[in-house]
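These notes concern the structure reproduced below.
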Amino acid sequence: MGKGVLTQAGERAGGAAGGLDALLSDAGLCRRGGSLFLGGVRLTDVADAAGTPTYVYNLDVVRARYRALDAALTPIPHRICFALKANGNLAVLRALAALGAGADIVSGGELRRALGAGFPAARVVFSGVGKSDAELEAAVVAQVGHIHIESTAELAALATIAERHQRSLTLGIRVNPDVTADTHPYIATGRGGIKFGVPFDQVVPLARQIAAHPLLTLDTVAMHIGSQILDPGPYREGVERLLELVAACRDAGISSISSLDIGGGLGIRYREETPLEPAVLLGAVLPVLRPTGLALALEPGRYLTGPAGVLLTEVLSRKHSGGKDLAIVDAGMNDLVRPSHYSAYHEIVELEASGRPQSPVDVVGPVCETGDFLALDRTLPALERGDRLAVLGAGAYGFVMSSNYNGRPRAAEVAVDGPTWTIARPRETVDDLLRAEDR
């Protein structure tokens, strides 16, 4: 499939860059004697003990991807803050915090989670298009490192809170650079006419308001142009737009800006895409950024955790209908919504190689929706009741987007660390779902 062609994932496919072997390698997966291992752990053992559906994360892969990104950015002063919206599991967050990462949050709940995972408040960036007064107050009280402003109204509310607490705050302005990234429309966040960011022509007036306040300092202009981006071009275009604003702010007498925040969005491999490697991204933005002396801030989510996670599921039954074979599994759209919501492609493999002949099959879930599927027209070995499967590339926007639709408890989460694994979040029970109501 050539570059520029949309895959079933709603994501851009590259050239001959992937295949199953590459996907397995990205996750730290391999087969030994027919059994699928994640790191040093046999996934059938995890499924036997923890049940299904279960998310499993390879912490060694998360660490390796962070270190690779950090190393690629060494030519320039930088900070890396993990976007908690991609994966909020405390075991994953603690592994990143221990490496020195910061946290990018978009809600008060994520603030609580970031602090609970051990991220110092000074390394927390509070983004998000709709922060409530209570969330802003919590951020001020916690003394987070940066708050990214999205509107004049938000600035006014934050200034009032800062005055009440007499706290000095370091701010950024999230800009809508009106840059179009070639990705699924639901995850393109940098074009005009959508809710994200301050419109370009409103940034300097907002910067003046910040500069005029004795407790507020503007040190960052920021953008986030989307997710699952495979082409570095939009990042360079966005950086050039942000640098125009930095120059305009300096012309207006605002000299406090010391960094550019270019968000996250680095695309990964789900099928045969060519991932956006950190060195490629840096090669695009460094020539225009380095002469300015500004630091670079980056807030990856999917890049760090997406390849590191798999979703384990078990076949409940199979049927033939309308000329199609269907395998019904115990993981549904409430567990992994990406296939249904984004038409996203996730590779699926057996936990134990059966050696059966392969044939086309729809892998569908138990939820009462026709749109409840994990894969359509997928060529897999003939599946039977009790077979276990691994859905690859499930470490980002998987569990965090799951729900209790159809009264279904959410899956367990497991962390693999070298040869050992632990249940990082127990499976919910129906009693858990009823506890707050059953009085």
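The values are calculated or read from the model by the stated rules, or taken from the named source; none is laboratory data. What you are looking at is a predicted structure, and each value in this text was computed from that prediction instead of being measured. A quick note on method: Cβ atoms are made from the backbone with ideal geometry, for glycine too, and the neighbour counts reach across all protein chains shown. For the accessible areas, the whole protein counts, side chains as well, though only heavy atoms, and no ligand, DNA or RNA atoms are used. Shrake-Rupley method; radii C 1.70, N 1.55, O 1.52, S 1.80 Å.
For the chain, give the percent of accessible area contributed by carbon and sulfur heavy atoms, probe 1.4 Å, rounded to a whole number. Carbon with sulfur: 52 percent of the solvent-accessible area. Each residue was assigned an accessible area with a 1.4 Å probe, and for Lys85 the value is about 70 Å².
When the alpha-carbon atoms of region 315-402 are used, the pair Rg, Dmax equals 12.3, 35 angstrom. Counting only the Cα atoms, region 235-287 fills a convex hull of 78 Å³ per residue.
Hydrodynamic radius of region 122-171 by the Kirkwood approach over all distinct alpha-carbon pairs: 10.6 Å. Ellipsoid semi-axes for region 10-139, based on the Cα gyration tensor and the rule √(5λ), read 31, 20, 15 Å when sorted largest first.
Of Asp325, Asp335, Asp438, the order by accessible heavy-atom surface (1.4 Å probe, DNA, RNA and ligands excluded), from most exposed downward, is Asp438, Asp325, Asp335. Summed over the residues of region 290-386 and divided among them, the accessible surface reaches 37 Å² per residue at a probe radius of 1.4 Å. Centre-to-centre separation between the Cα atoms of region 330-347 and those of region 362-419: 7 Å. Spread over its residues, the convex hull of the C-alpha atoms of region 200-267 is 81 Å³ per residue. In terms of its Cα atoms, region 23-70 spans 37, 22, 16 Å along the principal axes, sorted from long to short.
Accessible area of Glu384, 1.4 Å probe, to the nearest 10 Å²? Surface open to solvent at Glu384 totals about 100 Å².
Of all beta bridges DSSP finds with both residues in the chain, what is the antiparallel percent, to the nearest 5? Given both bridge residues lie in the chain, the antiparallel proportion sits at roughly 50 percent. Sorting 355-361, 70-76, 229-235 by their mean Cβ neighbour count within 10 Å, with the most densely packed peptide first, gives 229-235, 70-76, 355-361. To the nearest 10 Å², what's Met333's accessible area with a 1.4 Å probe? Here the accessible area works out near 40 Å². Taking other residues whose beta carbon is less than 15 angstrom from the beta carbon of Arg123, and scoring Lys, Arg as +1 and Asp, Glu as -1, yields -3. Over the Cα atoms of the chain, each weighted equally, I'd like the Debye log10 I(q)/I(0) at q = 0.05, 0.09, 0.11, 0.12 Å⁻¹, rounded to two decimals. Cα-only, vacuum Debye calculation for the chain: -0.18, -0.59, -0.86, -1.00. Seen against the Cα atoms of the chain and their longest principal axis, helix 108-117 is set at about 80 degrees.
In region 236-370, inverting the average of 1/r over every pair of distinct C-alpha atoms gives 19.2 Å as the Kirkwood radius. For region 69-156, dividing the convex hull volume of the Cα atoms by the residue count gives 100 Å³ per residue. In region 218-309, the inverse of the mean reciprocal separation of distinct Cα atoms equals 13.9 Å; this is its Kirkwood hydrodynamic radius. Note on the chain: Lys pairs 8 or more places apart or on different chains, Cα atoms under 29 Å apart, count 4. The separation of region 67-120 from region 200-252, counted between C-alpha centres, amounts to 22 Å.
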